[in-house]
Amino acid sequence: QVQLVESGGGLVQPGGSLRLSCAASGSIFSIYTMGWYRQAPGKQRELVAVITSGGTATYGDSVKGRFTISRDNAKVYLQMNSLNSEDTAVYYCTFKNGIRASPYWGQGTQVTVSS
């Protein structure tokens, strides 16, 4: 079992920045992938950014150049810059051991970009 603890969500004005954190604990293997997906009202869940235990990062097209994911062991950070209204969503931390295992999901944290 893996437990995920998210923090850092909240309200930010357009053009501002926010930093999300997610810490995984429990049955963590040597090879894993973790990061964030998000879901806005009326839209499907989409990839934000994920990073492997080896340090390889993958970003969704809508956040490339604005968001940066980083890792410290099994704790990941998402630095979100130049935020706009389209970034408003519930952000879910995700963790997966290896490749074939089923993912774990955090509770989700609300990010609202509004003036």
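The values are calculated or read from the model by the stated rules, or taken from the named source; none is laboratory data. All values reported here derive from a predicted model rather than from experimental measurement. A quick note on method: Cβ atoms are made from the backbone with ideal geometry, for glycine too, and the neighbour counts reach across all protein chains shown. What goes into the accessible areas is simple: the full protein's heavy atoms, side chains included, and nothing from ligands, DNA or RNA. Shrake-Rupley method; radii C 1.70, N 1.55, O 1.52, S 1.80 Å.
When +1 charges are put on Lys and Arg Cβ atoms and -1 charges on Asp and Glu Cβ atoms, the dipole computed for the chain relative to its Cα centre reaches about 180 debye.
Note on Gln13 and Lys75: the model spin-label points, each 7 Å out from Cα along the C-beta direction, lie 3.0 nm apart. Share of pairwise Cα-Cα distances greater than 16 Å in the stretch 1-92 is 53 percent (whole percent). Given a 1.4 Å probe and the protein chains as shown, Trp105 ends up with an accessible area of around 90 Å².
Here the relative contact order of the stretch 26-71, from alpha carbon pairs under 8 Å that lie six or more residues apart, stands at 31 percent. Sorting Glu6, Glu46, Glu86 by solvent-accessible area of protein heavy atoms yields Glu86, Glu46, Glu6, largest first, with a 1.4 Å probe. Taken over the C-alpha atoms, the stretch 44-115 has Rg and Dmax values of 12.7, 42 angstrom. In this view, the solvent-accessible surface of Asp72, computed with a 1.4 Å probe and all protein chains in place, comes to about 90 Å². Accessible area ranking (1.4 Å probe, heavy atoms, ligands and nucleic acids excluded), largest first, for Ile99, Ile31: Ile99, Ile31.
Note on Thr112: accessible area is roughly 40 Å² with a 1.4 Å probe, heavy atoms of protein only.
For Arg45 and Ser62, calculate 0.36 nm times their separation in residues minus their Cα-Cα distance, and state this gained length in nm to one decimal. Taking 0.36 nm per residue and subtracting the Cα distance, the gain is 4.8 nm.
Relative contact order for the chain: 35 percent, from Cα pairs under 8 Å spaced at least 6 residues apart, divided by residue count.
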